[in-house]
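First up is the structure itself, then whatever we jot down about it.
The values are calculated or read from the model by the stated rules, or taken from the named source; none is laboratory data. Everything numeric in this text was worked out from a predicted model, so none of it was measured. When we count neighbours, we look across all protein chains shown, and the Cβ atoms used for this are built from the backbone with ideal geometry, even at glycine.
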Amino acid sequence: MSLKKVIKAEKDWKKELTDAQYTILRKKGTERPFTGAYNMHFENGIYHCAACQNPLFESHTKFDAGCGWPSFDASIKRNITYILDKSHGMMRTEIICSSCDGHLGHVFNDGPTDTGTRYCVNSLSLDFKKS
């Protein structure tokens, strides 16, 4: 089953998102480390895209990486798209929401769990729904 694409004009995104969310989700910004609401958040539930509510991560995949951003070792299948990011003189893999193309953060292959993966995500790009 494919996701329904959410396509909106930038003026509509600006109306629906806070300034900080817009900067991160639509302009590929980054929040300062250790400032996000979900960095040390460990309730049971699902983390969704703050822009379109696409489910992205299950709470049991979250861990404290000590990096200052929410970290997960796995995503919900097919709900994240991976893009090579050569910005800032680095080679990284950007992660975006597969539904609305909102910037979430980056994924690295240095995770401490069995998956070896660390999704490093901006809190402002997430919305949590408790289960």
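Tabulated results
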| read-out | value |
| --- | --- |
| Failed condition for residue 125, given (1) in contact with a helix residue (DSSP H, G or I) (Cβ under 6 Å, 6 or more places away or on another chain); (2) over 20 Å from residue 59 (Cα atoms); (3) polar (S, T, N, Q) | (2) |
| Pick from the stretch 61-78, criterion surrounded by 19 or more Cβ atoms within 10 Å (Cβ to Cβ) and not charged (D, E, K, R), ranking: nearest to residue 126 (Cα to Cα) | 70 |
| Pairs, first at positive phi in the stretch 67-92, second surrounded by fewer than 16 Cβ atoms within 10 Å (Cβ to Cβ), C-beta under 9 Å, six or more apart | 68/32; 68/33; 68/34; 68/35; 78/1; 78/2; 78/3 |
| Single residue of the stretch 21-34 satisfying the filter (in contact (Cβ under 8 Å) with a residue 60 or more places away in the chain and within 17 Å of residue 68 (Cα to Cα)) that is surrounded by the most Cβ atoms within 10 Å (Cβ to Cβ) | 24 |
| Residue check for residue 127: under 11 Å from the mean Cα position of the chain (by Cα), outside any strand (DSSP E or B), among the acidic types (Asp, Glu) and at pLDDT 95 or above | no |
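Conditions tested, residue by residue: (1) touching a Pro at 6+ places or on another chain (Cβ under 7 Å); (2) surrounded by 17 or more Cβ atoms within 10 Å (Cβ to Cβ).
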| residue | (1), (2) |
| --- | --- |
| 48 | yes, yes |
| 54 | no, yes |
| 90 | no, no |
| 104 | no, yes |
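So that you can scan it fast, the table gives a plain yes or no per residue for (1) outside any strand (DSSP E or B); (2) of a type in the set (A, V, I, L, M):
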{"residue": "28", "(1), (2)": "yes, no"}
{"residue": "34", "(1), (2)": "yes, no"}
{"residue": "40", "(1), (2)": "yes, yes"}
{"residue": "43", "(1), (2)": "yes, no"}
{"residue": "75", "(1), (2)": "yes, no"}
{"residue": "83", "(1), (2)": "no, yes"}
{"residue": "101", "(1), (2)": "yes, no"}
{"residue": "106", "(1), (2)": "no, no"}
{"residue": "113", "(1), (2)": "yes, no"}
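Rundown of residues vs (1) at pLDDT below 95; (2) closer than 14 Å to residue 102 by Cβ, yes/no style:
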site: 1; (1), (2): yes, no
site: 63; (1), (2): no, no
site: 68; (1), (2): no, no
site: 74; (1), (2): no, no
site: 79; (1), (2): no, yes
